[in-house]
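Here's the structure, in structure tokens; my notes come after.
The values are calculated or read from the model by the stated rules, or taken from the named source; none is laboratory data. Just so it is clear, the model here is predicted, and its values are computed rather than measured. Positions of Cβ are generated from backbone atoms using ideal geometry, with glycine treated the same way; all protein chains shown enter the neighbour counts. When the accessible area is computed, the model is the full protein with side chains, heavy atoms only, and any ligands, DNA or RNA have been set aside. Shrake-Rupley method; radii C 1.70, N 1.55, O 1.52, S 1.80 Å.
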Amino acid sequence: MLYIVESRKSLDQLGKDLEAAVARHQFGVLGVHDLKAAMAKKGVDFGRECRVFEVCNPYQARKVLEANLEISTALPCRISVYEEGDGTRLATLKPTALLGLYATPGLDAVAREVEAGLEAIMTEAAR
């Protein structure tokens with residue numbers, strides 16, 4: 001269900017490299033959520049760094065949404081970048097698992113393509 005990649009890069013460097021890899025793979029970053037900062041604004045102390053990148057390949061998203069607009073509840077794809085021990089990690093929910101939650105035949109190939117793209121992006125960014 002999850003795809004996780006380990007890295008020795010700092011969280012900031014990993015975030016920059018992730019954004020660059022996203023662009024190289026014809027995806028786009030729609031937004032970045034800094035969970036530690038967002039919680040601090042609400043008065044909640046959260047000690048670990050975690051940023052969630054919302055990414056999308058608009059051509060693949062259109063195929064999925066045209067087949068079933070309910071799938072919009074699972075879009076855009078998210079890649080979390082967070083501290084773990086002495087390193088950092090990237091993690092995402094696999095699109096094949098997410099699309100399996102919807103009763104929409106014919107989207108397996110799209111889910112596999114998006115998943116392969118996300119895995120390539122994350123692996124590239126982590127190096």
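If you go through region 37-88 and keep only what is of a type in the set (Lys, Arg) and open to solvent by 70 Å² or more (accessible area, probe 1.4 Å), you end up with Lys41, Lys42, Arg48, Arg62, Lys63, Arg78.
Residue-by-condition table, conditions (1) over 17 Å from Arg24 (Cβ atoms); (2) of a type in the set (A, V, I, L, M, F, W, C):
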residue: Glu83; (1), (2): yes, no
residue: Arg89; (1), (2): yes, no
residue: Leu93; (1), (2): yes, yes
residue: Leu98; (1), (2): yes, yes
residue: Leu101; (1), (2): yes, yes
residue: Pro105; (1), (2): yes, no
residue: Ala109; (1), (2): yes, yes
residue: Arg112; (1), (2): yes, no
residue: Ile121; (1), (2): no, yes
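Of the residues making up region 71-78, one or more are at pLDDT 95 or above and under 19 Å from Thr123 (Cβ atoms). With the requirement that a residue be open to solvent by 40 Å² or more (accessible area, probe 1.4 Å) and either without any contact (Cβ under 8 Å) to a residue 40 or more places away in the chain or part of a helix (DSSP H, G or I) (or both), what does region 27-36 give you? Answer for region 27-36, where residues must be open to solvent by 40 Å² or more (accessible area, probe 1.4 Å) and either without any contact (Cβ under 8 Å) to a residue 40 or more places away in the chain or part of a helix (DSSP H, G or I) (or both): Val29, Val32, His33, Asp34, Leu35, Lys36. Against the numbered list (1) within 17 Å of Ala125 (Cβ to Cβ); (2) among the charged types (D, E, K, R); (3) out of contact with any strand residue (DSSP E or B) (no Cβ under 8 Å at 6 or more places or on another chain); (4) open to solvent by 70 Å² or more (accessible area, probe 1.4 Å), Asp17 comes up short only at (4). Within region 80-100, if we keep just the residues that are part of a loop (DSSP other than H, G, I, E, B) and among the small types (Gly, Ala, Ser), the residue that is nearest to Lys9 (Cα to Cα) turns out to be Gly85. Is region 51-74 home to any residue that is touching a residue at least 60 places away in the same chain (Cβ under 8 Å) and of a type in the set (Phe, Trp, Tyr)? The answer is no; no qualifying residue exists.
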